[in-house]
Amino acid sequence: MAAVDSFYLLYREIARSCNCYVETLALVGAFYTASTAVAIARDCYSLIRLHFIPRLMSRRDLVHQYGQWAVVCGASDGLGRAYTEELAREGVSIILISRSESGLQSFAKAIADAYGVETATIGADFSQGQEAYKPIKDAVKDKEIGFLVNNICVPSEYPQHFTNVPENKLWDIININIAAATMMVHIVLPGMVERKKGAIINISSGSCCKPTPKMTAYSASKAYLDHFSRALYYEYASKGVFVQSLVPFYISEVGAASGGWLVPHPQVYARHAISTLGISHRTTGYWPHSIQFWLSRYMPEWMWVWGSNMLSRTI
């Protein structure tokens, strides 16, 4: 009986000494639960405010808000082509830039006839370095450039180890994905600052969210563009220039079947993305992609890397 009483007394002493720790852990758990709930509620509100409310409101006058002309790099196909059509639909005149002018002039004529806007075309091979920019500087010199859409990109056709990437491909990634986007901003930004209005849309990629193995150089170049855009926004927002980093996930190829609501056609994506202009300086541009971005943000890095490796084996 004495042994039982001694054990009971020992248990009470331990329970009394641990009680403060239990209460502290309970407070920590309650704080974590509350902060997580607030973060989820904030993200849901942002999703509705950014992707749904603007589409219910009346259309904005983008020409009055930002300027008469848009420069679209990579305008011949894909997302650049879709952005060109959406801006032309809003009455914005377009300077279309692509590596080759083959087919670009007929597209420019088609949108000029369809939407009654002015167009100009420039063939520029950004992999050639500085000489590619002179005709662009001449073309924009006397125009009110209100938009720059940087969609120039050397894609990663398939996952491969970094040492297997050809050297010329690496130089293209540097000269086109990084240098060309940077220099195009440098060309048009002074005029925007002088007029105190303008919009720069740099199209990054969902692969910039976390390190993506076997797409190393490509994902790193997109991370640069995302970081560059966000820094520019904070630097020039007070001067009337809106800089947006678009972080899309998978978008279907032109003419290919849509992969469902997670993989939209370029036209569908561009229509959604333009509605976010002036509202969010960093967005996926499309609400299902925002859900993917939210999941990737809270996903542990090891899980992202594991998923990337699993995906690379299926391609």
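The values are calculated or read from the model by the stated rules, or taken from the named source; none is laboratory data. Bear in mind that the values here come from a model prediction, so they are computed numbers and not experimental data. Cβ placement follows ideal geometry from the backbone for every residue including glycine, while neighbour counts extend to all protein chains displayed. Only protein heavy atoms, including side chains, enter the accessible area calculation; ligands, DNA and RNA are left aside. Shrake-Rupley method; radii C 1.70, N 1.55, O 1.52, S 1.80 Å.
At-a-glance table
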| item | result |
| --- | --- |
| Residue list for segment 85-128, restricted to those being of a type in the set (A, V, I, L, M) and closer than 15 Å to Gly74 by Cβ | Leu87, Ile94, Ile95, Leu96, Ile97, Leu104, Ala108, Ile122, Ala124 |
| Check on Leu27, farther than 30 Å from Arg195 by Cα, touching a Ser or Thr at 6+ places or on another chain (Cβ under 9 Å), outside the structural domain of Ala199 (by the TED database) and modelled with pLDDT of 65 or more | no |
| Test: Glu90 is surrounded by 14 or more Cβ atoms within 10 Å (Cβ to Cβ), within 29 Å of Ala231 (Cβ to Cβ) and among the acidic types (Asp, Glu) | yes |
| Filtered residue count, segment 24-73, keeping only those that are surrounded by 12 or more Cβ atoms within 10 Å (Cβ to Cβ) and more than 19 Å from Thr284 (Cβ to Cβ) | 12 |
| Residues of segment 175-204 satisfying the condition of being assigned to a loop (DSSP other than H, G, I, E, B) and open to solvent by less than 40 Å² (accessible area, probe 1.4 Å) | Ser204 |
| Flag if Asp125 is acidic (Asp, Glu) and outside the structural domain of Lys239 (by the TED database) | no |
| Options Glu167, Glu157; residue that is of a type in the set (Asp, Glu), surrounded by fewer than 16 Cβ atoms within 10 Å (Cβ to Cβ) and within 24 Å of Leu79 (Cβ to Cβ) | Glu157 |
| Inter-residue pairs, beta-carbon under 9 Å, first within 24 Å of Gly67 (Cβ to Cβ) and in the same structural domain as Lys141 (by the TED database) and in segment 95-112, second of a type in the set (Lys, Arg) and part of a loop (DSSP other than H, G, I, E, B), 6+ apart | Ile95/Lys143 |
| Residue among Asp138, Asp142, Asp172 that alone is charged (D, E, K, R), in contact with a Ser or Thr (Cβ under 8 Å, 6 or more places away or on another chain) and either open to solvent by 40 Å² or more (accessible area, probe 1.4 Å) or closer than 21 Å to Tyr234 by Cβ (or both) | Asp172 |
| Residue within segment 232-243 that is surrounded by fewer than 17 Cβ atoms within 10 Å (Cβ to Cβ), in contact with a Pro (Cβ under 9 Å, 6 or more places away or on another chain) and not assigned by the TED database to the domain that holds Ala39 present | no |
| Meets criteria (open to solvent by 30 Å² or more (accessible area, probe 1.4 Å) and either not aliphatic (A, V, I, L, M) or not assigned by the TED database to the domain that holds Gly78 (or both)) for Phe162 | yes |
| The listed residue being open to solvent by less than 50 Å² (accessible area, probe 1.4 Å) and more than 25 Å from Val63 (Cβ to Cβ), out of Pro300, Pro264 | Pro264 |
| Of all residues in segment 125-169 being assigned to a loop (DSSP other than H, G, I, E, B) and without any contact (Cβ under 8 Å) to a residue 40 or more places away in the chain, the one that is farthest from Ala217 (Cα to Cα) | Asp142 |
| Set Gly285, Gly278: member being at positive phi and in contact (Cβ under 8 Å) with a residue 60 or more places away in the chain | Gly278 |
| Sole exception among (1) open to solvent by less than 60 Å² (accessible area, probe 1.4 Å); (2) at pLDDT below 80 for Ile14, by number | (1) |
| Entirely in segment 205-315, the helices (runs of 4 or more DSSP H) that have 2 or more residues that are more than 14 Å from the chain's Cα centre (by Cα) and closer than 27 Å to Ser76 by Cα | 216-236, 266-274 |
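One line per residue, one yes/no per condition, for (1) in contact (Cβ under 8 Å) with a residue 24 or more places away in the chain; (2) of a type in the set (A, V, I, L, M, F, W, C):
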position: Ala181; (1), (2): yes, yes
position: Val188; (1), (2): yes, yes
position: Arg195; (1), (2): yes, no
position: Ile203; (1), (2): yes, yes
position: Pro213; (1), (2): yes, no
position: Ala217; (1), (2): yes, yes
position: His227; (1), (2): no, no
